[in-house]
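Derivation of every value follows stated rules applied to the coordinates shown; laboratory data play no part. Predicted, not measured: the structure shown is a model, and the values here were computed from it. Glycine also receives a Cβ, built like all others from the backbone with ideal geometry; neighbour counts cover every protein chain displayed.
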Amino acid sequence: MFRPLLISLCLTSTAFATTWTVDDDGKADFDNIQAAVDAVQWQRAAYYDQNYTGTWATDQAMVDHLAYDGYQVLDANALKSWMDARIDDGEPSVVVFCQDVAPDTVAESMDPDCTLRRYLNAGGKIIWYGDIPLYYQGHADGTLTTWGTAGSLAVLGFNASGGPWESGTDVSITADGLEWGLTENWSSVRPAAPIPSGLRVLAFDDAGYPAAWVKHYVNGDTHRGFVRTYDANSVHTERATNVDDIRRLAMYPDPVKPLLVDNQNEADDNIIGAFTYPWYGNPGTSGAWIHWQIHGHNPPSTWSAHYAPNYPNSTWDPSTMLYDSGDVDLLRWQDKLMAQSGLDIAISSWWGIGDSTDDLLLPSARICKSVQWCIYYEMEAYADPSALQIFTDLKWVIDRLGPTKNYAKVDGKWLVFVYIAFEPGTAERWRQAKQMLHDQGYDIYINAYGSGSPLDMPDPWDAIHVYNPTQRQTLTQTIPAGDDSASVSPGYWVTDAAPVLSRDLEAFQNAWEQTVTEAAQSRFLLIETWNEWHEGSCIEPGQRVVHDDVNGFSPTGDDYGLDYIDAIAEQTNTLRWNTSGHRPDVPVTLEAETMVWELGSAAEGTDAWRISSDGTRIGASVQLPFGQESNLRITVRARGVQVNGQAILVNMVLFWAGESLTTWTLNSAEYGLYEHSFSTTGGVKTVEIGLAEIPIGEGDVDIVVDYVDITWVDCVGDINGSGTVDVVDLLVIIDQWGATDSPADVNQDGIVDVSDLLIVVGNWGPCE
């Protein structure tokens, strides 16, 4: 039984000059913790010295942006003093090198005793872009001493340029890279060697060499160290270094506000958005089918998205199959797609406090950072909420999502879309709610839609839109002093005998091009929809499937892929709402955060791998970093083969390095997902699947294996080994504060202190 505990802790460090309270009552714990983290004042600096030089990066523009953002600009001598101070006081700090040559004031010698390396060892953070780190030592007279590749080897501890030079291939941003804040790719020319030990890869070139990476120097750390990105210059790419990406890397894991170098108050700033639906669930993630089963469907065998009449007896499903909106990998995948499309905002369907759409909105806003988020308030159409209810709902949403720095604003006001708003009495309720929110310091901007006339009630609406995916293109009617919206739809077909609006890529392209061409008429350019699969109005990648009584649910191999996303991106590159921070050219490829061992088709009787009871195992070798213990999660999708039409229980064994890890009892009636988490040492390991035994009296039995998925699990900060970093781990930190020999010393620097606290908070939530 966990004993209620109330602790008031006053930290005397200048990094945490506040008093805060932690208890075990649930949500309030995190709020208070977050408030404490927000109180941490990062020491932020930008290095630039006109007396010294750079090679590829001599970036005065970057300096100006960072100075505008509050960074202290340091010359070479000031950089030395600043690093010495951070080594002594240990305050959270970061320095962005706006010249890609380390000055001799901090790179005094080519060894790990120089100031730059000691700063990293003390928990400092360096952001480096451009030429190879430590390839040159710079001097005050503008001359250079060439250290070559030996410089990074001696100072950083590995060869930071061990990959092939001058490849000039566009990078692929990894899941870690997206999480850290990278949005824009580049042409890599100076990658590192293949994944040196301890390197967190943020982007690969097309040959698999790290083009952007993080090297941590404090054990257990997740957000500091030496950060390398953009291994190119203007000679190798036409794209300039992305200042917002640099800013996000510098402040990770804390979200940063976009630089408002463009005036978002200008009415001619076009805002490109798509209506999204975070309401899907499947048994693998949520424990049950959610929303996929509406209209009488029984997923997956009878679920369908009707919108492809040119394919007889076929339907279309998401390319990721019937996904779960809470799946982290799915969200990262969607984030990359949204980035490529050039969207500014995602308008998320919202059905009230405690609804699944409410629960899933927060992780969406935290993970999908290529867009800013806002809600589509659906309650108005069905519940006639009171002004007080509207006030309560919107305050709840803003209080939760505002701190993520990823909730959209227009003209400095929180953006809210409202469905079915132009009914008698509606305007007055929203007028009252808007005033109540204003009185509490919450100013909102409302883009509303409804079946009545907005002209009769322009107040309190700031803009209007039409939600009508049955029409290829729609425009709104101007309201006094308000903004208009234009909308386009790829198609619409629910259960009708014929589609209301047929899917037509060319017609969609033409409608979108016309919308963009005439963008001056509308502030909002809207796509209906991102992923409303039941109505067939989605632009998310889809694949054609067939359903029949014999084989059930079967993909055909036909896939429209990125056709609709590319069609949008072709026109959006020139229309930018500069406060969103997104970039349209992030490659849409799934990076190897997980290693998937694809074995064959899921359909029985085709190419699925079958393991008989003769002792045969199937498997593969896995290369893990030597000398490093790894936390892994293995997921297997499999089922047993029925005998004489009867479902039987089949026991499957998972082997690792020749030893049995676990045994699972398979359901032969349908495929199931089976998971096992464990820790293992480095080296070459084998993973294998086999039968445990032959069920008595059943004769020969097979199992069918669809895939094996091996995922790296980062669980830094999970002190009690629960699989979740939560308030229990935080309380252990507090209880052991100042201890010199404790499991609460997460970074293993010899003492339990604020660094360990930041690691726990930075990794809050289930281990992934």
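Once label points are set 7 Å from the Cα along Cα→Cβ at both ALA383 and ALA78, what is their separation, rounded to one decimal in nm?
Distance between the two pseudo-spin positions: 5.4 nm.
Between PHE655 and ASP741, what is the label-to-label distance in nm when each label sits 7 Å out along the Cα-to-Cβ direction?
Reported label-point gap for PHE655 and ASP741 is 4.3 nm.
ASP459 to MET321: extension gain in nm, 0.36 nm per residue of separation minus the Cα-Cα distance?
Numbers: separation 138, 0.36 × 138 = 49.68 nm, distance 4.36 nm.
Working it through step by step, the gained length comes to 45.3 nm.
What are the ³J(HN,Hα) values, in whole Hz, obtained from phi via the Karplus relation 6.51 cos²θ - 1.76 cosθ + 1.60 with θ = phi - 60°, for each residue of the range 274-285 in sequence order, with x given for Gly and Pro?
9, 7, 10, 9, x, 10, 8, x, 9, x, x, 10
Could you check the spin-label model distance between GLU513 and ILE353? Points 7 Å from the Cα along Cα→Cβ, value in nm.
Distance between label points: 4.9 nm.
Ordered by residue, what ³J(HN,Hα) values in Hz, to whole numbers, does the range 521-531 give under the Karplus form 6.51 cos²θ - 1.76 cosθ + 1.60, where θ = phi - 60° and Gly and Pro are x?
6, 9, 7, 9, 10, 10, 10, 10, 8, 6, 8
Which of the three applies to the range 43-251, rounded, prolate or oblate, going by the alpha-carbon gyration tensor with a ≥ b ≥ c and a/c under 1.5 meaning rounded?
Details: a/c = 1.28, a/b = 1.26, b/c = 1.02.
Taking the square roots of the gyration eigenvalues as a ≥ b ≥ c, the range 43-251 is rounded.
Could you calculate the contour length gain from ASP399 to ASP89, that is, 0.36 nm times the residue separation minus the distance between their Cα atoms, to one decimal place in nm? Don't jump to the answer; show the numbers that get you there.
Numbers: separation 310, 0.36 × 310 = 111.60 nm, distance 3.39 nm.
Between ASP399 and ASP89, full extension yields 108.2 nm more.
Sort MET110, MET62 by Cβ crowding within 10 Å, fewest neighbours at the top.
Working: MET110 17, MET62 23.
Taking fewest neighbouring Cβ atoms as first place, the list is MET110, MET62.
Starting from the Cα of ASN51, move 7 Å in the Cα-to-Cβ direction to define the label point; list residues of the range 67-96 whose amide nitrogen is under 20 Å from there.
72-85
What is the set of long-range amide H partners of ILE345 at a cut-off below 5 Å, with H atoms built 1.01 Å from backbone N?
Amide H neighbours of ILE345: ILE272, GLY273, ALA274, GLN372.
Dipole of the range 365-487, Cα-centred, from +1 at each Lys and Arg C-beta and -1 at each Asp and Glu C-beta, to the nearest 20 debye?
620
Counting other beta carbons within 10 Å of each residue's own, what order do THR740, THR149 fall into, fewest first? Kindly include the intermediate steps, with their values, before the conclusion.
Details: THR740 9, THR149 15.
Result, fewest neighbours first: THR740, THR149.
Provide the gained length on full extension for the span ALA520 to ALA193, in nm with one decimal, where the gain is 0.36 nm per separating residue minus the Cα-Cα distance. Display every interim value, and only then the final one.
Working: separation 327, 0.36 × 327 = 117.72 nm, distance 4.90 nm.
So the extension gain works out to 112.8 nm.
When you count, for each residue, the other Cβ atoms within 10 Å and take the mean per peptide, how do 124-137, 461-474 rank with the highest first?
Details: 124-137: 24.5, 461-474: 20.6.
In descending order of packing, they fall as 124-137, 461-474.
How much of the DSSP beta bridge set in the range 43-251 is antiparallel, as a percent to the nearest 5?
About 45 percent, rounded to the nearest 5.
Using R₀ = 30 Å, calculate the FRET efficiency as 1/(1 + (r/R₀)^6) where r is the Cβ-Cβ separation of GLU675 and LEU362; round to 0.05. Could you put the intermediate results ahead of the total?
Working: r = 24 Å, r/R0 = 0.81.
It comes out at approximately 0.80.
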